[in-house]
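One structure is given here, and the rest of the page talks about it.
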Amino acid sequence: MTETILSLDGATKRFAGQTAVSGFDLAVNRGKITGFLGPNGAGKTTSLRMSLGILKPDEGKVSLFGRTPNAKTLQRVGFLPEERGIYKKMKAEDVIIFFARLKGMTMPAARKAAREGLERFGLGGEARKKIKDMSKGMAQKVQIIATLAHDPEFIILDEPFSGLDPVNQKMLEEMIRDEAKRGKTILFSTHVMEHAERLCDQIVLISGGRKIFDGDVPEALSQVPRRVIIETTSDHDLRQVLDSQGIIAPQEAPDGLKGWTIELASGSDAQDVLKACVEAGVLLARFEPMRAHLHDVFVELVEKSNREAV
Amino acid sequence: MRAIYLMARREYLSYVATWGFWLSLMAMPFIMAIFIGISVLAENAQPTRYYAVLDDTGIGFDARILDALNESAKNEAISALSDDAETAGRSDAIPAIAAAINAEPGLEGWPEAIDALGSPTDHSATEFQSNYVRVDPPARSIEELRPYLLGEQLLQIDGEAHPLFAVVIFRPGGDFGVTAEYWSTNRTSGGLRSSARDSLRDYVRSEALEEAGISESVLDRIHALNPGITENSPERGRTSAEVSFADSLPFIVGIVFSIGLWMMIFSVTNMLLTAMIEEKGNKILETLLATARYHEILIGKLAGLAAVSATFMLVWGGIGSGGLVGAQTIAAAADLPAEAILATVFDPGLLIPAIGYFAIGYLMYGTVYLAIGSLCDTLQEAQSLMSPMILVMMVPFVIIMATIENPDSPFLQYASWVPIWTPFLMMARLQTNPGLIELIGTTIAMVATATAIMALASYVFRQGSMGRANASSIKRLLSFKKAKSA
């Protein structure tokens with residue numbers, strides 16, 4: 001049976017009369033990577049803060065490891081906040097030890113974890129270096145190590161990729177995959193869809209403080225219509241040829257060609273379109289089934305949510 | 001508790017594990033030692049000053065100035081030994097000390113005066129001896145003496161060249177029969193000038209008194225009369241009611257504790273503010289909040305800086321006590337009642353209230369400073385919110401200074417009831433027996449106010465640390481209130 005590590009049931013939070021999060025439901029299951037997506041100001045950070053008990057919901061309930069977030073349950077969580085900061089005058093190793101000890105580790109265990117973490121991230125030689133003497137990227141790595149040093153069961157990462165260069169982003173992606181392979185549960189917020197699409201088992205999309213999608217990636221991708229781009233050298237009107245296949249609209253094409261976009265109807269696929277074209281004697285110069293991306297899902301659903309809110 | 005301990009430990013080590021902390025810690029006693037050392041050196045290193053007298057009156061002002069200088073030295077010696085006698089609770093010895101010193105033209109009576117004192121002293125006769133040395137004038141007119149005074153020409157004394165410090169010229173004439181001129185390039189050292197003026201004044205007065213039929217010997221007898229006064233306290237037994245320096249010690253220590261308390265709270269709360277702003281600016285709070293709760297962070301910080309204060313107090317207290325005992329042992333200050341001072345400082349009746357007042361004062365001001373720090377990202381931002389706080393904190397210091405000689409002043413009494421000033425003012429007044437009702441009343445008001453302030457400050461801290469309030473929020477709140485009242 002699937003164990004729910006974190007659940008928010010109808011969580012609502014208001015600040016000075018403004019609703020930041022409204023009736024929000026979330027269930028993060030053990031061993032899964034959950035992507036928490038939403039535009040800026042959607043309520044992601046507020047939801048995460050409620051998940052950790054930093055903020056108390058005005059309405060609804062938050063349950064972490066089956067309990068209201070408390071000192072004990074928080075020791076099983078590793079949290080990397082969006083607004084990242086670290087004691088600049090402390091040495092890298094000491095920072096990691098401090099946070100690991102706050103999470104309940106003994107001094108020797110924390111020291112061992114700090115050294116191993118630094119080695120793993122290629123910072124073994126920087127252990128006694130002060131954070132202020134490190135580059136921004138190195139300091140961020142130290143904070144990630146500090147988040148993971150106590151080997152948490154549940155890892156919450158708020159916008160973990162922001163501020164990292166592509167090499168470090170890749171490294172972090174690998175780290176998330178590794179942790180997931182080790183059976184850890186991961187919840188991370190982002191507005192970079194590529195990371196979510198590559199990593200997540202589950203996607204939760206929030207906009208205007210409300211959940212607008214909750215499901216796996218294929219389910220998310222099915223939220224936007226599949227499209228086919230066609231360019232022809234013949235004068236066929238594809239609106240007539242492909243009438244039953246979906247919504248057909250002309251589009252710009254290079255000289256001598258006619259361009260069309262087909263938004264496939266449910267139950268129809270690119271093969272059906274190709275077959276219909278061949279049967280009708282359409283001379284094809286380009287036939288490109290377009291794969292939907294999470295980015296399209298995000299834009300589509302957020303815009304739809306905004307339209308509904310208006 | 002673990003989170004509080006770890007927060008406090010980190011905070012404590014962030015100060016104590018730095019060279020800067022120990023340098024600044026040691027700097028204070030070191031600076032004080034240098035200051036005292038320089039004063040002593042300056043006192044003992046007065047250069048010998050050569051002066052000449054041109055006396056055209058035939059009255060003998062040359063000798064009279066010498067007498068006046070000796071008189072001044074004798075008066076200083078009597079004053080110093082009298083202070084020693086009072087410190088030792090032997091005010092009755094003062095007339096005998098004065099008689100012994102005055103019995104001789106110079107300080108030749110010093111050994112007899114020490115016998116009369118009957119207790120050790122760190123003074124010696126040499127420190128009172130005049131550093132002015134009379135020389136024969138190298139010329140007879142000011143025009144010829146000018147190059148000597150300007151240092152263009154030097155005097156040859158025992159084979160060594162010395163500048164001429166001053167020339168005093170007495171001539172017949174003027175309203176009093178004699179005129180006096182003092183010539184020197186030095187405008188600050190006025191000992192010789194005063195002695196010259198005194199000798200002229202004494203001469204003019206004695207002439208006038210003799211004209212009135214009072215002889216000089218009668219005058220000398222009158223001048224020699226020097227009655228003493230003993231200071232007694234009704235709190236002491238009938239047999240030894242005389243008050244000594246040791247009796248004043250609790251009052252002095254009380255005031256010193258009060259000022260020390262103020263300085264300690266003022267500096268440590270400023271450290272708290274800086275640490276909080278650094279934490280806010282570095283955006284560490286949210287990471288901490290994922291593990292610890294607001295109150296744990298708040299208490300951890302307060303505890304850490306309290307431990308820093310304790311380190312300050314222990315090190316300074318240790319250096320002070322060690323210095324005191326050392327000074328007494330080495331006999332550089334043999335008359336210091338070190339035992340009495342240490343007994344007063346470590347008297348539980350004074351020490352326990354001092355710790356209590358420090359704790360409450362520190363919590364009151366510390367939480368406010370932390371709350372202010374949580375609202376600001378930079379020190380500049382904090383400064384505008386700090387100004388009213390600094391003014392509020394300055395008031396008790398000013399009151400203590402203004403009433404330092406009147407710890408029982410009604411003003412001080414009323415001001416003690418202002419809870420935010422109570423820790424400092426009651427500490428200063430503790431030795432004047434303020435009365436049980438006042439003691440309990442001010443304590444209750446202080447504790448209640450401290451609780452309310454801490455609750456409010458904790459709320460502001462929560463809002464500030466999550467970025468839901470900032471320095472502008474407070475300014476907006478204040479301007480809203482102003483607009484409302486207008």
In the stretch A:63-95, residue surrounded by the fewest Cβ atoms within 10 Å (Cβ to Cβ) [restricted to those that are more than 20 Å from A:V21 (Cβ to Cβ) and β-branched (V, I, T)]: A:T73
Residues of the stretch A:130-169 classified as within 13 Å of chain B (Cβ to nearest Cβ), under 21 Å from the mean Cα position of the chain (by Cα), at pLDDT 85 or above and surrounded by fewer than 17 Cβ atoms within 10 Å (Cβ to Cβ), total: 0
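Residue by residue through the stretch B:288-318, note down the ones that are β-branched (V, I, T) and either at pLDDT below 75 or surrounded by fewer than 18 Cβ atoms within 10 Å (Cβ to Cβ) (or both). Walk me through it before giving the result.
So in the stretch B:288-318, the residues β-branched (V, I, T) come out as B:291, B:297, B:299, B:308, B:311, B:315.
Within the stretch B:288-318, B:T311, B:V315 meet the criteria.
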Residue match in the stretch B:36-54 (condition: under 18 Å from B:L272 (Cβ atoms) and away from chain A (no Cβ under 14 Å)): no
Failed item in (1) touching a residue at least 40 places away in the same chain (Cβ under 8 Å); (2) within 14 Å of chain B (Cβ to nearest Cβ); (3) surrounded by fewer than 22 Cβ atoms within 10 Å (Cβ to Cβ), with A:N29 passing the rest: (2)
Lone qualifier among B:L305, B:L298, B:L289, B:L285 - being farther than 26 Å from A:Q75 by Cβ, aliphatic (A, V, I, L, M) and assigned by TED's automatic domain parsing to the domain that holds B:A445: B:L305
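One line per residue, one yes/no per condition, for (1) surrounded by fewer than 16 Cβ atoms within 10 Å (Cβ to Cβ); (2) part of a strand (DSSP E or B); (3) polar (S, T, N, Q); (4) not assigned by TED's automatic domain parsing to the domain that holds A:E194:
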residue: A:Q240; (1), (2), (3), (4): yes, no, yes, yes
residue: A:I247; (1), (2), (3), (4): yes, yes, no, yes
residue: A:G256; (1), (2), (3), (4): yes, no, no, yes
residue: A:W260; (1), (2), (3), (4): no, yes, no, yes
residue: A:E263; (1), (2), (3), (4): no, yes, no, yes
residue: A:V273; (1), (2), (3), (4): no, no, no, yes
residue: A:A276; (1), (2), (3), (4): no, no, no, yes
residue: A:V282; (1), (2), (3), (4): no, no, no, yes
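Quick one: is A:K72 more than 14 Å from chain B (Cβ to nearest Cβ) and within 30 Å of A:N29 (Cβ to Cβ)? I'd like the intermediate steps shown before the answer.
On the way: more than 14 Å from chain B (Cβ to nearest Cβ): no; within 30 Å of A:N29 (Cβ to Cβ): yes.
Against the criterion (more than 14 Å from chain B (Cβ to nearest Cβ) and within 30 Å of A:N29 (Cβ to Cβ)), A:K72 does not qualify.
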Odd one out for B:K74 among (1) modelled with pLDDT under 85; (2) surrounded by 18 or more Cβ atoms within 10 Å (Cβ to Cβ): (1)
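If a residue counts only when it is touching a helix residue (DSSP H, G or I) at 6+ places or on another chain (Cβ under 8 Å) and under 21 Å from A:V95 (Cβ atoms), which helices (runs of 4 or more DSSP H) contained entirely in the stretch A:111-224 have at least 3 such residues? Reasoning before the result, please.
Numbers: elements: A:136-148, A:166-181, A:193-199, A:217-221.
Because the criterion is at least 3 residues that are touching a helix residue (DSSP H, G or I) at 6+ places or on another chain (Cβ under 8 Å) and under 21 Å from A:V95 (Cβ atoms), the helices (runs of 4 or more DSSP H) in the stretch A:111-224 that meet it are A:136-148, A:166-181.
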Subset of the stretch B:260-298 [closer than 20 Å to A:L52 by Cβ and more than 13 Å from every other protein chain (Cβ to nearest Cβ)]: B:L298
In the stretch A:88-98, the residues that are at the interface with another protein chain (Cβ under 7 Å from one of its Cβ atoms) and out of contact with any strand residue (DSSP E or B) (no Cβ under 9 Å at 6 or more places or on another chain): A:F98
Matching residues, the stretch B:178-218, being out of contact with any Phe, Trp or Tyr (no Cβ under 9 Å at 6 or more places or on another chain), in a loop (DSSP other than H, G, I, E, B) and of a type in the set (G, A, S): B:G190, B:A212, B:G213, B:S215
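Can you tell me which of A:G60, A:G38 is buried (at least 23 other Cβ atoms within 10 Å of the Cβ), away from chain B (no Cβ under 14 Å) and either of a type in the set (K, R) or under 16 Å from A:A11 (Cβ atoms) (or both)? Working first, answer last.
Numbers: A:G60 fails: buried (at least 23 other Cβ atoms within 10 Å of the Cβ).
After ruling out the rest, the residue left standing is A:G38.
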Residue in the stretch B:253-261 that is over 20 Å from the mean Cα position of the chain (by Cα) and outside the structural domain of B:P120 (by TED's automatic domain parsing) present: no
Hits in the stretch A:248-302 - residues which are of a type in the set (D, E, K, R), farther than 16 Å from A:R226 by Cβ and touching a residue at least 24 places away in the same chain (Cβ under 8 Å): A:K258, A:R286
Breaking point among (1) farther than 30 Å from A:F24 by Cα; (2) of a type in the set (S, T, Y); (3) touching a residue at least 24 places away in the same chain (Cβ under 8 Å), for A:S63: (1)
Hey, A:G104 of a type outside the set (A, V, I, L, M, F, W, C) and touching a helix residue (DSSP H, G or I) at 6+ places or on another chain (Cβ under 7 Å) or not: no
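The values are calculated or read from the model by the stated rules, or taken from the named source; none is laboratory data. Since this is a predicted model, take the numbers as computed values, not measurements. Neighbour counts run over all protein chains shown; Cβ positions are idealised from the backbone, glycine included.
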